[in-house]
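Data block below; observations after.
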Amino acid sequence: MRLELEGITKRFPGVVANDHVDLVIEEGEVHGLLGENGAGKSTLMNILYGLYSADEGEIRIDGTPVTFADPGQAIDAGIGMVHQHFMLVPVFTVAENIVLGVEKVSGFGKLDRARASQEVRELAERSGLHVDPDAKVEDLPVGIQQRVEILKALYRDAALLILDEPTAVLTPQESDDLFDAIRAFKAEGRSVVFISHKLREHRAVADRISVLRRGSIVGTAEPDEVSEQDLANLMVGRPVELVVDKPQAHVQDSVLRLDGLTVHDARGNPVVRDVDLEVHRGEILAIAGVEGNGQSPLVEAITGLRSAHDGSVTVGGTSIAHMTRKQVLRSGVGHVPENRGRDGLIAQFSIAENCVLNQWDMEPFAKRHTLQFGAIAEHAQRLVNSYDIRTPSITTPASSLSGGNQQKLVIAREFDQPIDLLVASQPTRGIDVGSIEYIHQQLVAKRDDGTAVVLVSSELDEVLALADRVAVMFRGELVGPFDMPVAKEAMGLMMAGTDPAEAMAKGA
Amino acid sequence: MSDDTPGPDDQTPPEQTASTSGSSHDRPTDVLDSDELSQAEVEAARERERREVSVELGATIGQRFVAAVTGVGLIVTLLAIFSALVIGALIIALSDDATREALSYFTARPSDTFASAWEVVSGAYASMFRGAFAGLGPISETLVAATPLILTGLAVAVPLRTGLFNIGGEGQMVAGGTVAGFIGFWIVGLPTLIHLPLALLAGALAGALYGWIPGVLKARTGAHEVISTIMLNNIALLVLAWILTTEFFRRPDRADPISKSMQDSAMLPEFLTGYRVNLGLVLALAIAAAIFWMMERSTVGFELNAVGLNPNAAATAGMSPGRSIITAMSTGGMLAGAAGATVILGVQGRITDGFSAGLGFEGITVALLGRGRVGGTVAAGLLFGSMRSGGRLMQAQTGIALDLVLVLQGLIIVFIAAPALVRAIYRIRTEGFASGHVSKGWGS
């Protein structure tokens, strides 16, 4: 399928999301779509997939103009989309999920499960995306769930597959598997639109890369013609520092100490197993790992949101076992939660209110149980200025900020207080390159102030860029920490559960 | 792309937030997976903000009060009331015998139908208006009816802002009124200055205790407050029915379930002889002002609002959602208890079976119409009070049943609960653009 988009324009109240976008996707081409958050990538793909209608412009498939009123029509025309958040029914089997909506029934409307299972098995064989058709989706790891999503599109005979940030949830090895699968589609003559903000991946898999900025295509290039630096500059619109400028760490006394820390989930299964760790002032200790390997409960246990089942957590020499979350925070712990929308911010609260969310009842923001709006506003204005939070005013609700600025708001609140220990979980997830650059600089600055920094990240590049020491979490166990540098391949292998000695040998 | 910008529902009125509070631990809908959408949403939100009366941080209490009454959705609220009156007019017309008779020969002489309908509808609404506002007497009655509604409305609004649906206003009101009444008739010989505050305080505390129970159950065990408050309502009403049959409570010369009369020293004084409006109104407004301070200006209110909007983020910031739930429910119970006390000590003068008369339930509609805001709730309480008192005159003068008032109130809430319907009827431009967009999946 050769797909042409011509002059696609989409306006939302007060903003032009797509401004006369021209894009051609050739048959059998992997087309990378690169752009910051808010650049217009998803809007463009949602138009293509029939979720929005364009205000202007034309979509042509093999030269014939088409319009899609809903995704059903787009699917019929051979377009498949894998969303970043999977659209699967957890309690259904793989085969049931894949045939859902186009299921074949025998007489009396009975679902033909055996046939569905068989068809899915054959499809999986053919496309090289191996998956057990009879497994329940909720039991599968995310990497496999994504395969199910892709198979769903293939089952509907998609000639053009849109992958929206497909690697965000994958380990490096799983990403490589995905890239192999993408190359296989290409060999069959299918086209793929690959959306990502990771430059490296575009260079690995795309045949051509188009860069979107502020709703317009600002350039199209072949991956071997341009450097990552060029792409980053093009995407942001200014020269960007891809490498963090990080002076030598000055490691001082120990702040955080974990001894045999074991944490159970609500059902009593251990999710953090016997973790020993010591983190010192003036260093960044990174905890790498694929999400869901126990990082979240570990962080919650360190910061007093969850109690340890066994072992101890001491911050600055004091055990936090009998402290409330509030006491832990006020004893000098800053916490950037991994999900800012759920845990970091109150969307409907103003920026000013969010700035004092963790100190709302402390002087000078409150006196005799009365909020001091003057002091709060002053504080918020100072944070907005010094942390470069782009907002029309401090009374704007936090929900109105872009993802990067929301994260800067959380960072500002947590950093701008005297703390001994900073725990930052996925601090740059889903935000634009410009904000990532800034947040990385702030993390290093906090370290150089003499704060002990624990950085939990599933982005290997981030870990490599920032860590002074690195530990890998796999199935609740902590491997390491190791002094940097550690080879990227070795870390990737450890994230997939390979024995450290073996991983180091292979990765070196 | 994994942009966690909260979605288009940042303008969600508190009542909707409350209805989903039970599943607060998983709120994936807050996460908008399309970054461009959120970017556009940002702009749309800014646009909205420019249009609306924005509540400036640190604004004076007066400004905030006005903003609370006139802010978000006032037009929709007014149109909802108007729409309810229109449908109410249809009901009045169709329930009128003369109009129905004229309707039977509508094709021959349609003017008869319209004339007849106009007569009965205008008569009904005019007498309702007169009954509510024309003269000191009607205004007094309006204020008397509004006094407990303001308090029971706030009894729902405070928990609502904390993400809880307090259906227990009725039971809390019964608890408060009964205890206040007990103090009112049982203690003899105290001066008003001591007896009245004592009775009021006892009533408020009893209500607070009766609200504390579902609060603790929710915070400690997760028992849903809607279920537990409904059940507690029944318990309170049935216990009241029982104690009114006991020797101790029952008035000796009467066989029906009526308690002994209040001592004069426990009664809320009236302002003018012959008019029933009493100190309870001032009390209710003073309490409303205190609640306003609590919800909008105090650290406690900050915590309650935070827990109501996002309990996860509140807990992460070091707040205690459990404690907030207990605080909010106890406060709600206290307000409903105070409402009960004003009814017994201000109007009734004795405890009767079912003295709460649905006022606790009506508080739910008052709070919803007031959008959980203190100012809005006071305004809604006054409106519903005027409808109650006006409805009585309407019934007396035109024979249209007082139940019409309940129909109108129900209709108002239906329209309030479906703002999209009101916008569609009156062709108000939809704010934002995401309203019709629900599916992101594989479509049909």
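Here is a yes/no grid of residues against (1) more than 14 Å from chain A (Cβ to nearest Cβ); (2) modelled with pLDDT of 70 or more; (3) assigned to a helix (DSSP H, G or I):
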position: B:Glu56; (1), (2), (3): no, no, no
position: B:Phe65; (1), (2), (3): yes, no, yes
position: B:Gly88; (1), (2), (3): yes, yes, yes
position: B:Arg100; (1), (2), (3): yes, yes, yes
position: B:Tyr125; (1), (2), (3): yes, yes, yes
Picked from region A:151-164 (must be over 19 Å from the mean Cα position of the chain (by Cα) and of a type in the set (A, V, I, L, M, F, W, C)), the residue surrounded by the most Cβ atoms within 10 Å (Cβ to Cβ) is A:Leu160
- Task: Kindly indicate whether B:Ala236 is farther than 20 Å from B:Ile364 by Cβ, in a helix (DSSP H, G or I) and touching a residue at least 40 places away in the same chain (Cβ under 8 Å).
- Result: no
Selection from region A:169-204 of residues outside any loop (DSSP other than H, G, I, E, B) and closer than 18 Å to A:Leu3 by Cβ yields A:Ile182, A:Phe185, A:Lys186, A:Ser191, A:Val192, A:Val193, A:Phe194, A:Ile195
Scanning region A:68-94 for residues that are facing chain B (nearest Cβ under 10 Å) and not in a loop (DSSP other than H, G, I, E, B) gives A:Pro71, A:Gly72, A:Gln73, A:Ala74, A:Ile75, A:Asp76, A:Gly80, A:Met81
On the basis of being more than 14 Å from every other protein chain (Cβ to nearest Cβ) and over 28 Å from the mean Cα position of the chain (by Cα), does A:Gly289 make the cut?
no
* Given the structure, is A:Leu44 of a type in the set (A, V, I, L, M, F, W, C), in contact with a Leu (Cβ under 8 Å, 6 or more places away or on another chain) and at pLDDT below 90? -> yes
Scanning region A:20-32 for residues that are farther than 20 Å from A:Asp55 by Cβ and in contact (Cβ under 8 Å) with a residue 24 or more places away in the chain gives A:Ile25, A:Glu26, A:Glu27, A:Gly28, A:Glu29, A:Val30, A:His31, A:Gly32
>> Tell me whether region A:319-333 contains one or more residues that are among the basic types (Lys, Arg) and under 25 Å from the mean Cα position of the chain (by Cα).
In response: no
Residues of region A:123-145 being in a helix (DSSP H, G or I) and more than 14 Å from chain B (Cβ to nearest Cβ), in sequence order, are A:Leu123, A:Ala124, A:Glu125, A:Arg126, A:Ser127, A:Val137, A:Asp139, A:Gly143, A:Ile144, A:Gln145
Given the conditions (1) closer than 30 Å to A:Ala380 by Cα; (2) touching a residue at least 40 places away in the same chain (Cβ under 8 Å); (3) among the charged types (D, E, K, R), every one holds for A:Glu363 apart from (2)
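Residues checked against (1) in contact with a Gly (Cβ under 7 Å, 6 or more places away or on another chain); (2) assigned to a helix (DSSP H, G or I); (3) buried (at least 21 other Cβ atoms within 10 Å of the Cβ):
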{"position": "B:Gly280", "(1), (2), (3)": "yes, yes, yes"}
{"position": "B:Ala286", "(1), (2), (3)": "no, yes, no"}
{"position": "B:Met294", "(1), (2), (3)": "yes, yes, no"}
{"position": "B:Met319", "(1), (2), (3)": "no, no, yes"}
{"position": "B:Thr331", "(1), (2), (3)": "no, yes, yes"}
{"position": "B:Val343", "(1), (2), (3)": "yes, yes, yes"}
{"position": "B:Gly346", "(1), (2), (3)": "yes, yes, yes"}
Sole miss for A:Ala95 among (1) crowded, with 21+ Cβ neighbours inside 10 Å; (2) under 28 Å from the mean Cα position of the chain (by Cα); (3) of a type in the set (A, V, I, L, M, F, W, C); (4) under 30 Å from A:Lys198 (Cα atoms) is condition (4)
Considering region A:318-336, residues that are touching a residue at least 24 places away in the same chain (Cβ under 8 Å) and over 12 Å from B:Gly318 (Cβ atoms), and then whichever is nearest to the other protein chains (Cβ to nearest Cβ), we arrive at A:Val336
Looking across region A:351-392 at residues that are touching a helix residue (DSSP H, G or I) at 6+ places or on another chain (Cβ under 7 Å) and among the hydroxyl-bearing types (Ser, Thr, Tyr), the single one that is surrounded by the most Cβ atoms within 10 Å (Cβ to Cβ) is A:Thr391
When every residue in region A:405-436 that is among the small types (Gly, Ala, Ser) and more than 9 Å from every other protein chain (Cβ to nearest Cβ) is compared, the one surrounded by the fewest Cβ atoms within 10 Å (Cβ to Cβ) is A:Gly434
Screening A:Asp259, A:Asp245, A:Asp224, A:Asp230 for residues that are assigned by TED's automatic domain parsing to the domain that holds A:Gly480 and either within 27 Å of the chain's Cα centre (by Cα) or of a type outside the set (S, T, N, Q) (or both) leaves only A:Asp259
Flagged pairs (Cβ under 6 angstrom, 6 or more apart or on separate chains; first in region A:342-355, facing chain B (nearest Cβ under 7 Å) and without any contact (Cβ under 8 Å) to a residue 24 or more places away in the chain; second in a helix (DSSP H, G or I) and of a type outside the set (Ser, Thr, Tyr)) are A:Arg342/B:Asn312; A:Asp343/B:Asn312; A:Asp343/B:Ala313
Residue hits (region B:281-323; more than 23 Å from A:Thr303 (Cα to Cα), out of contact with any strand residue (DSSP E or B) (no Cβ under 9 Å at 6 or more places or on another chain) and facing chain A (nearest Cβ under 7 Å)) are B:Val300
>> Residue under question is A:Val444, and the condition is that it be β-branched (Val, Ile, Thr), modelled with pLDDT of 90 or more and within 22 Å of A:Ala301 (Cβ to Cβ); does it hold?
In response: no
For region A:55-82 the number of residues that are polar (S, T, N, Q) and under 23 Å from A:Ile150 (Cβ atoms) is 1
When restricted to A:Val470, A:Val444, the only residue crowded, with 24+ Cβ neighbours inside 10 Å and assigned by TED's automatic domain parsing to the domain that holds A:Gln295 is A:Val470
The one condition B:Val282 fails out of (1) within 19 Å of B:Ala199 (Cα to Cα); (2) among the aliphatic types (A, V, I, L, M); (3) modelled with pLDDT under 95 is (3)
How many residues of region A:275-314 are among the hydrophobic types (A, V, I, L, M, F, W, C) and part of a loop (DSSP other than H, G, I, E, B)? The answer is 3
Per the filter on region B:217-227, residues in contact (Cβ under 8 Å) with a residue 24 or more places away in the chain and buried (at least 17 other Cβ atoms within 10 Å of the Cβ) are B:Lys218, B:Ala219, B:Glu225, B:Val226
Note on region A:1-46: residues assigned to a strand (DSSP E or B), within 14 Å of another protein chain (Cβ to nearest Cβ) and either over 25 Å from the mean Cα position of the chain (by Cα) or of a type in the set (A, V, I, L, M, F, W, C) (or both) are A:Ile8, A:Thr9, A:Lys10, A:Arg11, A:Phe12, A:Val15, A:Val16, A:Ala17, A:Asp19, A:Val21, A:Leu33, A:Leu34
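The values are calculated or read from the model by the stated rules, or taken from the named source; none is laboratory data. The model shown is predicted, which means the values in this text are computed figures rather than measured ones. Glycine also receives a Cβ, built like all others from the backbone with ideal geometry; neighbour counts cover every protein chain displayed.
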